[in-house]
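What follows is a short report on a single structure.
The values are calculated or read from the model by the stated rules, or taken from the named source; none is laboratory data. Computed from a predicted structure; not experimentally measured. Counting neighbours? That spans all protein chains shown, and the Cβs are built from the backbone with ideal geometry, glycine included.
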Amino acid sequence: MKPYSILPILLVSVACQADSANTSTTAIGFDAIEPSANLNWTTCFDDFTCSRLEVPLDYSNKSVGNTSIAFIKLAGKNATADSPSIVFIPGGPGGSGIQLLLESRDLVGTILGEQYNFVSFDPRGINNSGPILDCFSGNAEARLAFNQLHSTGITNVSSTSLEEQYYSSSIYGDWCNNAVKNETPYGYYVTTPAVARDLLTFVEAEAEATSQALSDAKLWSYGVSYGTVIGTTFASMFPERVGRMILDGVLDAEQYYDNNWRDNVNQMDATIQSFASFCHAAGPTNCSFWGPTADNITTRIDSIIDRLQTHPVALSGLQNPGLPNVVTYSDLKALFVNTIYNPLQSFPLTAEILHEVEHGNVSALVGAFDGLAITDDARLIVQCTDSSQRNKLRTIEDFRSYVQYTTSQSHYIGDIYPIFLETILCRSFRTNLPESMVIQGQ
């Protein structure tokens, strides 16, 4: 068995939380920091220093103006101002590197060595870094209406759900395009190639601050999940500027830029099966859904799936105060998809929920599918602008083929994955980006 260090598990776990939560960490400390073309570090978050690096919106046409990228640094106990910086590149798209470093502060030095400075950042369009685009321009009613129209359940929940989700998907891009046209003209300038160029600006600014030659500045980095796409993009654009680079939880960059996420669904069922194995090994006192064998646990999970697929459970809200609701097969699948994104932390709660559902109490699943609704646009804006030149998911035939593939590859996740990942929403984006900001089609 391959040995695992604590840090990769932690970083992937934190990154996946950022991927799936669609939320941002608190912007404490950054609003008061003046953006600068130099790295002016200011004390923040107690033991950290922060900076807002001013960068061009468009490196090929600097006349369009600037934006700022939020960076955070934790000095190793034995580090100096001249010590190398290891840049942690967050997952997503949409993950916050600020959150990533704040949550892993107690381990990075122990694992990698206290002789380094540890740096992370919020990529363009994320959290504390500009430009920020709200596709619905603060119109919560319109956003809710779209989610209700589009997020109707897993993609094959009915004979018409696939078609409904495909045709309603164009609404999202229309709203994003309108927001760019009328409110945030450079809201699409958040692509991964632009982020890679921002990282080069950062390492050069660091070199300048320590009187090193800019041409010698190199990136030392640790990228997780989507952060590996940023890392490989940087390496392809600036190969001579790579110092040392760790890519962990690698996402296929070609499939990412094609908007054709396929390989990452292939092993999802193995995660659910590992839940069964770990639960059995933990014993009845440590796993609420324990069974005498791992196969017994898997069989009981399948039984719950079959039951909810044919018999949704109505909750009147009378016995336990609340609104009427119905728990469906889609809610159960939402539990599974959230579990695989953060398995080590999620397994105990998943076991408890499955135990309750098996015994007739489905209340913990109320609203689980609705919790996947789009509340923040950052992930999709980056994802859709990155694939704008190469998108292989445009027609209903493309979408149907993709759904057929994911459902054939994963019993537990395949039918919810298309509506969870929402790659189909990219089909109506009209980005009109400078060539320097996109990866060209093949």
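Whether any residue in segment 279-288 is β-branched (Val, Ile, Thr), in a loop (DSSP other than H, G, I, E, B) and at pLDDT 95 or above is what I want to check. Quick ask: steps written out before the conclusion?
Of the residues in segment 279-288, the ones β-branched (Val, Ile, Thr) are 285.
Within this subset, residues satisfying the condition of being in a loop (DSSP other than H, G, I, E, B) are 285.
Add one more test, that the residue is at pLDDT 95 or above, and what stays is 285.
Yes; the residues of segment 279-288 include at least one that is β-branched (Val, Ile, Thr), in a loop (DSSP other than H, G, I, E, B) and at pLDDT 95 or above.
Within segment 203-211, is even one residue free of Cβ contacts under 8 Å to residues at least 12 places away in the same chain, surrounded by fewer than 16 Cβ atoms within 10 Å (Cβ to Cβ) and at positive phi?
Checked against the condition, which is being free of Cβ contacts under 8 Å to residues at least 12 places away in the same chain, surrounded by fewer than 16 Cβ atoms within 10 Å (Cβ to Cβ) and at positive phi, segment 203-211 yields at least one hit.
All but one of (1) out of contact with any Leu (no Cβ under 7 Å at 6 or more places or on another chain); (2) closer than 23 Å to residue 367 by Cα; (3) touching a residue at least 40 places away in the same chain (Cβ under 8 Å); (4) not β-branched (Val, Ile, Thr) hold for residue 133; state the number of the condition that does not hold.
(2)
Is it fair to say residue 70 is under 30 Å from residue 174 (Cα atoms), among the aliphatic types (A, V, I, L, M) and in a strand (DSSP E or B)?
When the stated conditions are applied, residue 70 passes them.
Looking for something in contact with a strand residue (DSSP E or B) (Cβ under 8 Å, 6 or more places away or on another chain) and surrounded by fewer than 16 Cβ atoms within 10 Å (Cβ to Cβ) - is there at least one such residue anywhere in segment 248-259?
No, that holds for no residue.
Would you check if there is a residue in segment 118-139 being acidic (Asp, Glu), in contact with a helix residue (DSSP H, G or I) (Cβ under 8 Å, 6 or more places away or on another chain), assigned to a loop (DSSP other than H, G, I, E, B) and closer than 24 Å to residue 61 by Cα?
yes
Condition (residue is within 21 Å of residue 376 (Cα to Cα) and among the β-branched types (Val, Ile, Thr)) applied to segment 86-100: is it met by at least one residue?
Scanning segment 86-100 turns up at least one residue that is within 21 Å of residue 376 (Cα to Cα) and among the β-branched types (Val, Ile, Thr).
Among the residues of segment 390-402, are any among the basic types (Lys, Arg) and under 30 Å from residue 312 (Cα atoms)?
Residues of segment 390-402 among the basic types (Lys, Arg): 390, 392, 394, 400.
Restricting the remaining residues to those that are under 30 Å from residue 312 (Cα atoms) gives 400.
There is at least one residue in segment 390-402 that is among the basic types (Lys, Arg) and under 30 Å from residue 312 (Cα atoms).
For the structure I just gave you, tell me whether residue 356 is within 19 Å of residue 327 (Cα to Cα), in the same structural domain as residue 303 (by TED's automatic domain parsing), of a type in the set (D, E, K, R) and surrounded by 15 or more Cβ atoms within 10 Å (Cβ to Cβ).
Yes; evaluated as a whole, the condition is true for this residue.
Being in the same structural domain as residue 421 (by TED's automatic domain parsing), more than 21 Å from residue 421 (Cα to Cα) and more than 19 Å from the chain's Cα centre (by Cα) narrows it down to one residue among 178, 156; which is it?
Criteria check complete, one pass: 178.
Out of (1) modelled with pLDDT of 95 or more; (2) outside the structural domain of residue 416 (by TED's automatic domain parsing); (3) buried (at least 22 other Cβ atoms within 10 Å of the Cβ), the odd one out for residue 108 is which?
(1)
Kindly evaluate residue 233 against the criterion of being within 17 Å of residue 383 (Cα to Cα) and touching an Asp or Glu at 6+ places or on another chain (Cβ under 8 Å).
no
Would you mind finding the one in 261, 220 that is among the aromatic types (Phe, Trp, Tyr), in contact with a Pro (Cβ under 9 Å, 6 or more places away or on another chain) and not in a helix (DSSP H, G or I)? Steps first, answer last, please.
Working: 261 fails: in contact with a Pro (Cβ under 9 Å, 6 or more places away or on another chain).
Among 261, 220, only 220 is among the aromatic types (Phe, Trp, Tyr), in contact with a Pro (Cβ under 9 Å, 6 or more places away or on another chain) and not in a helix (DSSP H, G or I).
Tell me whether segment 343-356 contains one or more residues that are farther than 30 Å from residue 316 by Cα and more than 21 Å from the chain's Cα centre (by Cα).
Within segment 343-356, the subset farther than 30 Å from residue 316 by Cα is 343-345.
Okay, now just the ones that are also more than 21 Å from the chain's Cα centre (by Cα), so none.
No, segment 343-356 has no match at all.
In segment 388-442, which residue that is hydroxyl-bearing (Ser, Thr, Tyr) and surrounded by 20 or more Cβ atoms within 10 Å (Cβ to Cβ) is farthest from residue 297 (Cα to Cα)?
431
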